[in-house]
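Before any comments, here is the structure.
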Amino acid sequence: MSAGVGVDLEKLWIRFGDFVAVRDANVHINGGDFFSFLGPSGCGKTTILRAVSGFLEPSEGQVLIGGNNMKGIGPNKRPTALIFQNLALFPLMKVWENITFSMEVKGASAKERRKRADELLDMIALPDQGDKLPWELSGGQRQRVAIARALCAEPDVLLLDEPLSALDLKLRQHMRTELREIQKRVGITFIYITHDQGEALTMSDNIAVMRAGVIDQIGDGKTIYNDPATAFAASFVGENNVFRGTVKQVQSDTALISTNRSGDLLARVSSANQGKMKAGDDAMMFIRPEAFALAPVGAQGDHFVTATVTNEEFEGNAFNIFMEGEGGKEMKVSLPNLGQSFDSHKGQPMTLQYDVQNAVAMPAGDLATE
Amino acid sequence: MKNLSLMRLSIWAYLAIFFAYLLGPLVIMSIAAFNSPEFPRATPWECLTFEWFSALFQDERILNGIKNSILVGFGTVVLSVAMGLAGALMLTQLGPKLRATYYTIIIAPILVPGVVIGISTLVFWDRINRMLGLDADSFLSNGLFLTVIGQSTFIASYCMLVLVARLQRYDTALTEAALDLGATHAQAFRKVLLPFMKPAIASAAVLAFLASFENYNTTTFTFGEYPTLTIELAQKVRYGITPAISALAFISVLLTVFAALFNEANIRRKELVALARKQATVEELSRGSFKMPGFLSSNWAAVALVIVACATVVVVGTATVYSPQQCIADVQEQKRLETELRIQELQRQRELRRQQQEAEQGSTAPAQSKPAGNNSGFGGVFAPSTLSGEDSSSAVEPEAKASGFGGAFAPSALSGEETSEGSGN
Ligand SMILES: Nc1ncnc2c1ncn2[C@@H]1O[C@H](COP(=O)(O)OP(=O)(O)OP(=O)(O)O)[C@@H](O)[C@H]1O
Ligand SMILES: [Mg+2]
């Protein structure tokens, strides 16, 4: 399994009655990739996954797996295995029977199955637990059993529907690395669904950002984070300070935005929107909290905003500083905790400096609501 | 405080009355099964007898009825559980709008009187039979077939209710997971859904069997040449009942108690096993050194089950060697005596009345010249109750002994002699 089997969604539409759950999705997933669909709850992620695994027929368009059109091919005939949002382990079967269910339906002998189960149990670091029932395992262990069960079917594509959402933070972080390692070891394509942007960023080779049935952007983590294509992607992935305004002037890849409350600011036009912005258009500009540098008033750099500190927060790895600019414009700044002594600046006016490369401009659009 | 205890007392009293109301008839019926009189009754107690059980097992019609009931029961179980499961599955597939209508339709047979179902089954299948141009004795007019079909019409609805309750807790993702792992639809059904439904299917089957077994209303129209137990009983009652029916009642009560205890014992055992597994350490579980709790350990239901089983074995054992002939003979004897005494009493009273009448008329002589039967010497000296009391006590004693005492004890000896005289007659 060197290259792995790729998946393509071509002009995919899925409707439930009048409701459009997925609108014209075009996605190419490379074989062997760890690919994530990232989006808020109800945006249609599960729906896409169900179309890939064969539980839903697309209303329009097609799903290709390894270049083959999957139209009319049932879920039990597709080279996919799905890990369900709630795992769906068979409650009445022992762990080893769960894991080797895919062999049982093909008529493998109990001895063969037991052997394979033991191999997989070793792989997921649960040796000798095969005779338990699913409910006798911890949440993380169940998680791993579900993965082993899916892997036992030797799928070309493994589909994971928010498999970590039920776990607590520590376990979730642990399972992230574990999943990634398993994926590298088996070398098959993983399609991963999550609404947790941290999960998507840390694990994925590529990410598709979804909003209400529409795919806004596809790219690797860095691109999505640094060069968002839409206002939604910019506000959903990571934190961002948003400045609304109109385009005053565009010069190659930089735009001068006349913001509503913070004056004229210069920003880089995001790659997806180059050539699409012209003077007079409504625009939005995003600067990450960590892209700001705090400086005393007067020590002005090239590009800056002035604001007053309203509140401060210590997060362990960073200090969060909340500021209020002109007209009540709220902004957030994050400074890494480098052991510096941090004196309160509350009530103090400050200058927020930024690099134009770290400020992204794009046409105005919907923001992600928290 | 006083109020509280009063309250508690009244609750206990209420419970006692409630259970007496519930179980009283069963208890009386059960006792009657062991009492010797020809008519089922618990009092007066005469003789312990097992003859009604053998009478029951020798009654061809009852046995045949039981056989037919069991045949019909199994047929109904298979048909109604299958239909109920199909109906329940269908219900979960429907959208919310259709669901309410579908539910009403499928529940309707429960609300229709059994008599109506019986008649319509008969009429409907007769029609079909004729439409197909079949004989009057074809399969479609067979009593077994009609009864099973007729009963299943509404019993399937009961089954569906039981099955739907469980099916609602089924996560359809499990079926999808099975399909996703390469199972066919049939495999997913057999390996995932059916095992999940098994407890509910078992309950539905028991329910269906019991409902079928006790059904009369519908069956009475459809049984044809296959009268079930209820039909046979109903026909028997017309000609008067014997305690054999009590014996049947007792057996069914016993079977029910048995089944209930067995079920309870099983449930408790499962609970205990689950508890033990929970408490067992991971090491114990994986090493296999983990001990399952025994069937009897801290399981009152299992203990009760064993006790009932032992009691049954003992009773059956005694029944095979025990012979109530002696007792029955004694009781018959006693009854005969009582009757005789009553006759004598009546005679004496008549005599007395006549004497009185004669005394009123002024002539006492003829009264003395007339001997008062066997009882001559004592006249009205003994109060009637004393006499009968002594009489019965001696009657229970073996006759030979009573006569052996001769005239040693004055009053009772006399009555003893009377007894032997009586038996000699
Ligand atoms: N069978 C269905 N019939 C009608 N609407 C549906 C159906 N399944 C999903 N939807 C709708 O499609 C939209 C997308 O649902 P989907 O389950 O794909 O969301 P999701 O992105 O997986 O959300 P979550 O993160 O909460 O799991 C939702 O608005 C949902 O109401
Ligand atoms: Mg979902």
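Modelled spin-label separation between B:Ala202 and A:Glu330, with each label point placed 7 Å from Cα along the Cα-to-Cβ direction: 5.9 nm.
Straight Cα distances below 27 angstrom link A:Lys45 to the lysines A:Lys11, A:Lys71, A:Lys77, A:Lys170, A:Lys184, A:Lys222, with same-chain residues fewer than 8 positions distant left out.
Under a Gaussian network description of chain A, with springs only between Cα atoms under 10 Å, the residue in A:Gln129, A:Gln143, A:Gln251 that fluctuates furthest is A:Gln251.
For A:Asn241, the residues whose modelled amide H falls within less than 5 Å of its own, excluding neighbours fewer than 5 places apart on the same chain, are A:Ile287, A:Arg288. Each label point was placed 7 Å from the Cα along the Cα-to-Cβ direction; for A:Gln274 and B:Arg169 their separation is 6.1 nm. Per-residue ellipticity at 222 nm from helix content only, as computed over the protein assembly as shown with -39500 (n - 2.57) for each DSSP H run of at least four residues, stands at -16500 deg cm²/dmol.
Translational D (Stokes-Einstein, µm²/s) of the range A:214-348 at 10 °C and 1.306 mPa s when Rh comes from the Kirkwood sum over C-alpha pairs? Write out the running numbers ahead of the final one.
Numbers: Rh = 16.2 Å.
Roughly 98 µm²/s, to the nearest whole number.
Of the listed residues B:Ser323, A:Ser36, the order by accessible area with a 1.4 Å probe, largest first, is B:Ser323, A:Ser36. Buried accessible surface for the A/B pair, both sides summed and rounded to the nearest 100, is 2100 Å² with a 1.4 Å probe. Quick one: net charge around A:Val157, please, counting Lys, Arg +1 and Asp, Glu -1 for every other residue with C-beta under 15 Å from its C-beta. Once all neighbours under 15 Å are counted, the net charge is -4. Partners of A:Lys276 within straight-line reach, counting aspartates and glutamates whose Cα lies under 13 Å from its Cα and excluding those fewer than 8 residues away in the same chain: A:Asp253. Projected over all directions and averaged, the alpha-carbon convex hull of the range B:213-259 occupies 3.9 nm².
Quick check: residue separation of B:Tyr216 and B:Ala234 times 0.36 nm, minus the Cα distance between them. What number comes out in nm?
5.6 nm
For the protein assembly as shown, A:Cys43, A:Cys152, B:Cys159, B:Cys310 stand unpaired, since no other cysteine beta carbon lies under 4.7 Å from theirs. Once all protein chains are placed together, B:Leu161 keeps about 60 Å² accessible to a 1.4 angstrom probe. By the Stokes-Einstein formula, at 0.692 mPa s and 37 °C, the protein assembly as shown with its Kirkwood radius over alpha-carbon pairs has D equal to 91 µm²/s.
Estimated at the nearest 10 Å², the accessible area of A:His345 is 50 Å² with a 1.4 Å probe.
Find the relative contact order for the range A:7-226 and round it to a whole percent, using C-alpha pairs within less than 8 Å whose residues are 6+ positions apart.
It comes to 30 percent, rounded to a whole number.
Accessible area per residue (1.4 Å probe, heavy atoms of protein chains only) ranks A:Ser334, A:Ser344, A:Ser270 as A:Ser344, A:Ser334, A:Ser270, with the largest value leading. Cross-link partners for B:Lys198 among the lysines, with Cα-Cα distance under 23 Å and sequence neighbours closer than 8 places in the same chain left out: A:Lys94, A:Lys132, B:Lys270.
A P(r) calculated from all alpha carbon pairs of the range A:322-370, with 10 Å bins opening at zero, reads 15, 40, 35, 10, 0 percent. Once both labels are positioned 7 Å from their Cα atoms along Cα-to-Cβ, the gap between B:Gln349 and A:Ser109 label points is 9.3 nm.
What are the DSSP H helices in chain A that stretch 18 Å or more along their long axis, judged by alpha-carbon atoms, and whose average Kyte-Doolittle hydropathy comes to at least -1.0?
On the way: long enough: A:110-123 (20 Å, -1.59); A:139-152 (20 Å, -0.06); A:169-186 (26 Å, -1.21).
Counting only whole DSSP H runs, the qualifying helices are A:139-152.
Note on the range A:182-205 and the range B:6-35: Cα centroid distance 68 Å, given to the nearest whole angstrom. When every alpha-carbon pair in chain A is counted, what percent end up more than 25 Å apart? Tail of P(r) above 25 Å: 61 percent of Cα pairs. Over chain A, with a Gaussian network built from C-alpha contacts below 10 Å, which listed residue (A:Ile83, A:Ile124, A:Ile188) shows the highest mean-square fluctuation? Maximum among the listed residues: A:Ile124. Average 1/r across all pairs of distinct alpha carbons in the range B:39-118, invert it, and you get the Kirkwood radius: 17.2 Å.
Between the range A:281-295 and the range B:110-147, the alpha-carbon centres lie 83 Å apart.
How far is the Cα center of the range A:20-80 from the Cα center of the range B:161-195, in Å? Their Cα centres are 24 Å away from one another. Of A:Lys115, A:Lys94, A:Lys222, B:Lys97, the order by accessible heavy-atom surface (1.4 Å probe, DNA, RNA and ligands excluded), from most exposed downward, is B:Lys97, A:Lys222, A:Lys115, A:Lys94. Per residue, the convex hull spanned by the alpha carbons of the range A:1-151 comes to 141 Å³. Cut-off 10 angstrom, C-alpha nodes, Gaussian network model of chain A. Which of A:Asp343, A:Asp24, A:Asp302 fluctuates the most? Most flexible of the set in this elastic network: A:Asp343.
With +1 assigned to the C-beta of every Lys and Arg and -1 to the C-beta of every Asp and Glu, and no other charges, what is the dipole magnitude of chain A about the Cα centre in debye, to the nearest 20?
On the way: 37 positive and 46 negative charges, 200 e Å.
So the magnitude is around 960 debye.
Using a probe of 1.4 Å, the accessible surface attributed to B:Val192 totals some 10 Å² when neighbouring protein chains are kept in position.
The values are calculated or read from the model by the stated rules, or taken from the named source; none is laboratory data. Please read these numbers as outputs of a predicted model, since none were measured by experiment. Cβ sites come from the backbone with ideal geometry, for glycine too, and all protein chains shown count toward neighbours. Remember, those area values only see protein heavy atoms, side chains included, never the ligands or the DNA or RNA. Shrake-Rupley method; radii C 1.70, N 1.55, O 1.52, S 1.80 Å.
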